[in-house]
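*Asks:* Questions regarding the structure given below will be posed in turn.
The values are calculated or read from the model by the stated rules, or taken from the named source; none is laboratory data. For clarity, every value in this text was computed on a predicted model and none was experimentally measured. A quick note on method: Cβ atoms are made from the backbone with ideal geometry, for glycine too, and the neighbour counts reach across all protein chains shown. Surface accessibility is based on the protein's heavy atoms, side chains included, excluding ligands, DNA and RNA. Shrake-Rupley method; radii C 1.70, N 1.55, O 1.52, S 1.80 Å.
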Amino acid sequence: MRIQLGLTRTAVMTATLVAGMLPCGRVQAQTAAPRSEPPTRLVVFITVDQMRESYLERYAGQLTGGLGRLLRGGACFRNAYHDHAVTETAPGHSVVLSGRFPRSTGIVANGAGVLDPQAALLPPARGPGASPFRFRGSALIDWLRNADPASRALSISRKDRGAILPLGRAHQQAYWYASPGVFTTSTYYADTLPTWVQRFNARAEPRSYAGKTWSLLLPDSAYPEPDSVPVEGAGRDFTFPHVLPSDSTVLGALAEYPFMDQVTLDLALEGLIALALGASPHTDLLAVSLSTTDAIGHRYGPESREIHDQVLRLDRMLGTFIDSIYRLRDSTTVVFALTADHGVTPFPELHARTAEEARARRVDMGPLMTPIISGLARRGVPASAFTFSDFMLTVNRAAFAAAGVNADSVVADFAARARTIPGVARVDYVARLARGDTVHDAVTRRWAHMLPPDVPVPVVVTLKPGYVSAGTSADHGSPYDPDAHVPVMFYGPPFRAGKFTRTVRVVDLAPTLARALGVRPIERLDGRVLEEALRPARPGPERTLAAPARP
Ligand SMILES: [Zn+2]
């Protein structure tokens, strides 16, 4: 495994200052204590796509299922944050089990996430190929396999990036949902779909939801939110009940219904059984990323009756899922961890609770680029050499040099124009971020954690708090806390039940899991072990590289 450093000395020193963080790979390696009583055989890692930590507090009294179980019996960090700027799905999923910021994982945006034309989907699925070829460095499954080569991982999600990135580059098993309503993988992982996935697809569970109705789980009175809010759903289908199409379009529409999470969990459980994960002396990993909360959050927003019902339904589904796993495996050998890849910012049109939010608007950055691009075209620089997406400006300097155009002056022109757009809070030169106040200024710090030095992004743009991109949905992707504040929860024998209010980062999750499993990260991490989550280690036999072979 190639160790990804890729950080300048300055960047490492900056990182060291952040929130008292240590460059801690070495520290952890010295202090990683074996925790083999009781031995953990199965790690179940759940990412809820777009889950705000505040949901757990807001709905706590109604969480009687899996979320409630983790909340009441687990180690729960109430002030956990993603500490990078582009709070999108792919960067978030690259962080969760690597313990490293996107600056180090190399996954800086959804658009530069997992899409890979050289890794085609396996039939019958159709759609863009996907692999972790952009992911740099290692993740938890690599550390597990370094300690015990027989450890295995299965990762399932509705989204390709949700399934792929928690496993890093590991050639384990990852499956995601694709057209026409089937789960698949890509040639990066396999040449043929295993029988158990083919069997699952043949049952056509997604199609069975055609014409089904999503109505409220609890009586109306359990939901304080108004239902009829025309901003939701871009003015279409914004009241309960929501009815799925009865034709084949159900296969796509299902993504915005709670039932999609059930289908995903059903496949995960079948995979656990088919692969006998957690049934041997080796520690296996089952990663599940549940995407429906993201789809519903975008469509109806974080203050909606729909998101409330989705979280309740997710809670019940996870409760059944945990019970099913405990029926199949000895519960003293299973640990759970749960987090989210990002949160979400409310619709700027609604629910302004502060004066700052009340001023929030949607910002269209499109007109910013038009005059610059047409000017460049006249001077022989193609539009592809100067692109702006996800609030990052990407510049192909070779194309500028070939046309004899000074890239720096065009970048400066862009920065000056961007600063004049209403709703833009700041425009930062990436090269200067490390010299900024990364201790007290979260925006500077989160951008400093975002970009590997070889990614050609000279300038980044930050909107004012609460402002979002033009469009009709609730959005995420900003460096602000509504997008960054997520749950971090651990549950199982190695963990101490409790609610911890110290501010921690999602990069701390993977090193904490590793410590609980008695394995050592194989490279320098950005995260630190959350010691308060762990019960005192009892002495046990230390893991060795010569673990018994899997029968
Ligand atoms: Zn999203």
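*Asks:* Out of segment 293-333, which residues are away from the ligand (no atom under 16 Å from the Cβ) and among the β-branched types (Val, Ile, Thr)?
*Replies:* Correct list: 320, 322, 325, 332, 333.
*Asks:* I would also like to ask the following. Of all the helices (runs of 4 or more DSSP H) wholly in segment 287-388, which have at least 1 residues that are polar (S, T, N, Q)?
*Replies:* The helices (runs of 4 or more DSSP H) meeting that bar are 292-300, 305-328, 366-378.
*Asks:* Answer yes if at least one residue in segment 273-292 is away from the ligand (no atom under 16 Å from the Cβ), open to solvent by 20 Å² or more (accessible area, probe 1.4 Å) and under 23 Å from residue 48 (Cα atoms), and no otherwise. Give the steps one after another, and end with the answer.
*Replies:* Looking only at segment 273-292, we keep the residues that are away from the ligand (no atom under 16 Å from the Cβ), and these are 273-288.
Add one more test, that the residue is open to solvent by 20 Å² or more (accessible area, probe 1.4 Å), and what stays is 273-276, 279, 281.
This time we only want the ones that are under 23 Å from residue 48 (Cα atoms), so: 273.
The answer is yes, given that some residue of segment 273-292 is away from the ligand (no atom under 16 Å from the Cβ), open to solvent by 20 Å² or more (accessible area, probe 1.4 Å) and under 23 Å from residue 48 (Cα atoms).
*Asks:* Related question: For segment 486-507, which residues satisfy the criterion of being under 24 Å from residue 87 (Cβ atoms) and in a loop (DSSP other than H, G, I, E, B)?
*Replies:* 501, 502, 503
*Asks:* Okay, next question. Residues in segment 41-64 that are open to solvent by less than 10 Å² (accessible area, probe 1.4 Å), away from the ligand (no atom under 16 Å from the Cβ) and either of a type in the set (A, V, I, L, M) or not in a helix (DSSP H, G or I) (or both): how many? Give the derivation first.
*Replies:* Within segment 41-64, the subset open to solvent by less than 10 Å² (accessible area, probe 1.4 Å) is 42-51, 53, 55-56, 59, 63.
Now restrict to residues that are away from the ligand (no atom under 16 Å from the Cβ): 42-46, 53, 56, 59, 63.
Subset that is either of a type in the set (A, V, I, L, M) or not in a helix (DSSP H, G or I) (or both): 42-46, 56, 59, 63.
Selection size over segment 41-64: 8.
*Asks:* Let me ask you something else. Only one of 91, 132 is away from the ligand (no atom under 16 Å from the Cβ) and closer than 19 Å to residue 289 by Cα. Can you tell me which?
*Replies:* Values: 91 fails: away from the ligand (no atom under 16 Å from the Cβ).
Only one candidate qualifies: 132.
*Asks:* While we're on this one: Of the residues 300, 257, only one is over 25 Å from residue 166 (Cα atoms) and in the same structural domain as residue 178 (by TED's automatic domain parsing); which? Give the derivation first.
*Replies:* Details: 257 fails: over 25 Å from residue 166 (Cα atoms).
Checking each option against the conditions leaves just 300.
*Asks:* In addition: Could you tell me which of the residues 524, 520, 432 is open to solvent by 50 Å² or more (accessible area, probe 1.4 Å) and under 28 Å from residue 397 (Cβ atoms)?
*Replies:* Numbers: 524 fails: under 28 Å from residue 397 (Cβ atoms); 520 fails: under 28 Å from residue 397 (Cβ atoms).
None of the other options fit; the residue is 432.
Residue by residue, here is whether (1) without any contact (Cβ under 8 Å) to a residue 60 or more places away in the chain; (2) in the same structural domain as residue 271 (by TED's automatic domain parsing); (3) touching a helix residue (DSSP H, G or I) at 6+ places or on another chain (Cβ under 7 Å) holds:
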site	(1), (2), (3)
139	no, yes, yes
161	no, yes, yes
181	no, yes, yes
190	no, yes, no
228	yes, yes, no
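*Asks:* On the basis of being under 26 Å from residue 529 (Cα atoms), out of contact with any Lys or Arg (no Cβ under 9 Å at 6 or more places or on another chain) and either open to solvent by less than 10 Å² (accessible area, probe 1.4 Å) or away from the ligand (no atom under 16 Å from the Cβ) (or both), does residue 125 make the cut?
*Replies:* For residue 125, the condition - under 26 Å from residue 529 (Cα atoms), out of contact with any Lys or Arg (no Cβ under 9 Å at 6 or more places or on another chain) and either open to solvent by less than 10 Å² (accessible area, probe 1.4 Å) or away from the ligand (no atom under 16 Å from the Cβ) (or both) - is not met.
*Asks:* For segment 166-175, name all the residues that are more than 22 Å from residue 256 (Cα to Cα) and not small (Gly, Ala, Ser).
*Replies:* 166, 167, 169, 171, 172, 173
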